[in-house]
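These notes concern the structure reproduced below.
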């Protein structure tokens with residue numbers, strides 16, 4: 001009965017998102033559910049140069065309602081790289097499921113963060129030294145015929161729990177100016193990318209409901225894109241979305257192949273496939289808003305909803 005109640009709360013959040021029109025001001029962070037927080041912190045710090053900002057442990061009714069996981073106790077670490085942050089959450093209880101072993105880059109539960117590097121060769125060598133699992137064949141340079149992406153270098157890999165990650169290097173004429181003023185190897189997070197089924201439907205949610213704006217578009221295909229995503233015949237419609245502050249959200253719509261699997265309808269926050277984007281904004285238009293008991297998380301109210309493809313989206317209010 002309790003499990004059905006919490007699933008119902010999440011579904012109510014999904015329905016509320018379709019009616020609400022809050023304007024978000026920023027992308028605060030991207031959150032990953034991990035199986036071993038100490039191992040994940042060590043990976044992100046020692047391999048990718050993140051710094052730990054804070055660590056806390058929470059439990060109780062408010063967090064059960066927010067996550068939809070009854071009896072949850074969570075250990076959470078906030079990690080920063082440059083100006084951007086991620087949050088790593090280990091569910092001490094109850095533990096969730098592992099991601100599908102055969103996950104591919106066109107499955108709609110795919111979500112990664114794009115970490116900007118100053119030197120692709122050095123960054124790739126660093127990853128090889130630490131034996132990270134490849135998700136791409138190797139670093140790829142996007143071709144000159146693709147005006148909006150020409151010269152960008154990228155590589156997909158995975159963290160210890162299988163979460164996909166990307167390192168990305170911009171040529172001098174692309175990317176924010178801040179990515180070209182430092183010689184540190186790992187600089188920050190440019191965006192989080194999500195696989196979607198329908199760009200127009202996603203625009204209605206992220207642009208029309210949340211108030212983000214379109215910052216760029218391109219259509220990518222060819223051998224470089226295929227080997228980056230490790231999907232034969234990959235042809236993508238890519239749309240970059242931005243709020244006023246924080247990293248962007250990038251839509252990856254696979255025009256081909258169209259065989260990516262849908263987001264699991266029974267996914268829960270303690271499953272290791274869980275990745276969510278936290279926005280800062282007003283929550284008054286949502287129904288199942290949770291008031292948090294103290295200032296531990298840095299937010300007063302929060303709600304977890306789903307975008308049209310099922311990607312978890314948290315709206316948090318300071």
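Looking at (1) modelled with pLDDT under 95; (2) part of a loop (DSSP other than H, G, I, E, B); (3) over 24 Å from residue 155 (Cβ atoms), find the lone condition where residue 100 falls short.
Answer for residue 100: the failing condition is (3).
Given (1) part of a strand (DSSP E or B); (2) free of Cβ contacts under 8 Å to residues at least 60 places away in the same chain, identify the lone condition not met by residue 116.
Every condition holds for residue 116 apart from (2).
Contact list please: Cβ distance under 6 Å, first residue in region 251-263 and at positive phi, second residue at pLDDT 95 or above, pairs at least six apart or on different chains.
That search, which allows pairs on different chains as well, returns nothing.
Does region 210-229 hold any residues that are closer than 21 Å to residue 188 by Cβ and either under 15 Å from the mean Cα position of the chain (by Cα) or outside any strand (DSSP E or B) (or both), and which are they?
Hits for region 210-229 are 212, 228.
What number of residues within region 230-282 are assigned to a strand (DSSP E or B) and under 18 Å from residue 316 (Cα atoms)?
Qualifying residue count, region 230-282: 11.
Out of the residues in region 267-284 meeting the condition of being over 14 Å from the mean Cα position of the chain (by Cα) and modelled with pLDDT of 95 or more, tell me which one is farthest from residue 297 (Cα to Cα).
Only one residue tops the list, namely 267.
Before we move on, is residue 91 touching a residue at least 60 places away in the same chain (Cβ under 8 Å), under 23 Å from residue 265 (Cβ atoms) and either buried (at least 19 other Cβ atoms within 10 Å of the Cβ) or in contact with a helix residue (DSSP H, G or I) (Cβ under 9 Å, 6 or more places away or on another chain) (or both)?
Yes, satisfied.
The values are calculated or read from the model by the stated rules, or taken from the named source; none is laboratory data. Computed from a prediction, not measured in an experiment: that's the story for all the values here. When we count neighbours, we look across all protein chains shown, and the Cβ atoms used for this are built from the backbone with ideal geometry, even at glycine.
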